[in-house]
Amino acid sequence: ADNIVTIAIDKIKPNRHQPRKTFNEEKLQELADSVKQNGLIEPVLVVRSVAPGEYELIAGERRLRACKIAGFKDIRAIIKNSASDKEKLDIALVENIQREDLNPIEEARAYRKYAEEYKYTQEQIAKIVNKNRSVVANTMRLLNLPDNVQDMIMKGVISSGHGKMLASIDDDSKLNEIVNQIIQQGLTVRDLEQIVSISKNKISKGQNTSKKQDIEILNLVEELQRLFGTKITIT
């Protein structure tokens, strides 16, 4: 059975499959202050490494980092007897999405890792993370964007809703032109949908109104699912 022990922090290696690549320093400091005051309420999850006396982190990197910031030398941990690479990825992905949202690009890259390394379908991924398949598909579409635009989404300069609309634009020069408009004019996703529809000249006025409503609802569903970590249906 898995057991809880206290182990040295410097004996724990990061999870190679950790989907989160960026960490909010302010939130980490808040967590570190809380840990310093109240202690670590929930242990991290580790598995024994091939090196004697060392461990690999499966889940709890934010807690581990916060304990380091707080000056702790040891940390309470659950030692899992064994875990496959797939299981480590599953646990890290689900934990990050449910505890504190990955930014949309990190989430999309984690989904792509599932698809490429483990040959999961979007339907299988959606089942694991308890989301609609359309949400997984739309999130993965963000990876079709140029690197500079993906970087803007990661930094919060533009939203994932903007990104999903921009992913439908094939012309890079046109895309960058519209990105500049979003930033300079503070365009909403609704504004952007109208611009993209007009530029493509594919949607009539009546269809455009309906499409606008559909996009607003889809974006709301996706944000709620990211917030609550479960499937959401709006009627």
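Things to note:
- Environment charge of A70, counting only residues whose C-beta is closer than 12 Å and scoring Lys/Arg +1, Asp/Glu -1: +2
- All-pairs Cα distance distribution in segment 130-200, expressed in whole percent, bin size 10 Å: 20, 57, 21, 2
Throughout, read-outs are computed from the coordinates displayed, never taken from laboratory work. Since the structure is predicted, the reported quantities are computational estimates derived from the model, not experimental observations. Every residue, glycine as well, gets a Cβ built from its backbone with ideal geometry; the counts of neighbours run over all protein chains shown.
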